[in-house]
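All remarks here apply to the structure that follows.
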Amino acid sequence: MGYTGIRIRGSDITRINVTVNGIPVNDSESHGTFFVNMPDFASSVEDMQVQRGVGTSTNGAGAFGASINIQTQKVRREAYAETDNSYGSFNTWKNNVRFGTGLINGKFAFDGRLSRIKSDGYIDRAFSDLKSMYFSGGYYGDKTTVKFVTFSGQEQTYQAWYAPPEALVYGNE
């Protein structure tokens, strides 16, 4: 919950080229990808390809450690509405709702997702509050597809990765 790290064959995220639907999402300055800014993005993913090793990139920096190619969900022919709710330790909640029109007149479709992930964390005051959305709309012709995809996330996490203060470990002497 919150910040996540990834390594492939010993290479950190700054050496891994990440794309969503062929568009690079690596930060232009640090070359990293901050998945914390994309909460619950996995709920909108159709498939993911991981290619390990050195590779070239048609966009962005070349990949030294690996390439991760993520494809968002495909069009569904029928209308749908789904919800997914989970509860876990430390008052952790994950709620999302996904919806779509299905194909309208056999040519147009719109899909969306709203998500919230919230946790008190296992360390005092180490909370996470993550919200996100995904929306796509497209024209699906016989030989042509034009699709608009947008997603966004908002995260608020407390710094829980530092060690406890010395006074707490050894007592207030």
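We did not get these values from a lab; they are worked out from the coordinates using the rules stated. Keep in mind that what you see is a predicted model, and the values were worked out from it rather than measured. All Cβ positions, glycine included, derive from the backbone under ideal geometry; neighbour counts span all protein chains shown.
Annotations
- A compact globular protein would have a Cα radius of gyration near 2.2 N^0.38 Å; the ratio found for region 13-159 is 1.20.
- Around the Cα centre of the chain, unit charges on the Cβ atoms of Lys, Arg, Asp and Glu (plus for the first two, minus for the last two) sum to a dipole of about 740 debye.
- Taking the chain as a Gaussian network of alpha-carbon nodes connected by springs under 10 Å, the highest mean-square fluctuation of the residues Ile16, Ile68, Ile117 belongs to Ile68.
- Applying 1/(1 + (r/R0)^6) with r as the Cβ-Cβ distance of Tyr80 and Tyr170 and R0 = 35 angstrom yields a FRET efficiency of 0.05.
- Distance between the 7 Å Cα→Cβ label points at Thr150 and Tyr3: 3.0 nm.
- Taking Asn105, Asn21, Asn69 as the candidate residues, the one with maximal mean-square fluctuation in a Gaussian network model of the chain, Cα springs under 10 Å, is Asn105.
- For peptides 134-144, 94-104, sequence by mean Cβ density within 10 Å, most packed first: 94-104, 134-144
- Under 22 Å, Cα to Cα: Lys pairs in region 13-159, sequence gap 8 or more or different chains: 8
- The length gained on full extension between Arg116 and Thr14, counted as 0.36 nm times the residue separation minus their Cα-Cα distance, comes to 34.0 nm.
- Rounded to 0.05, the FRET efficiency of the Asn91 and Val50 pair, given R0 = 35 Å and the Cβ-Cβ distance, is 0.60.
- Helix-derived mean residue ellipticity, 222 nm - over the chain, DSSP H n ≥ 4, -39500 (n - 2.57), to 500: -500 deg cm²/dmol
- Whole-number percent relative contact order across region 13-159, with pairs defined as alpha carbons under 8 Å at least 6 apart: 19 percent
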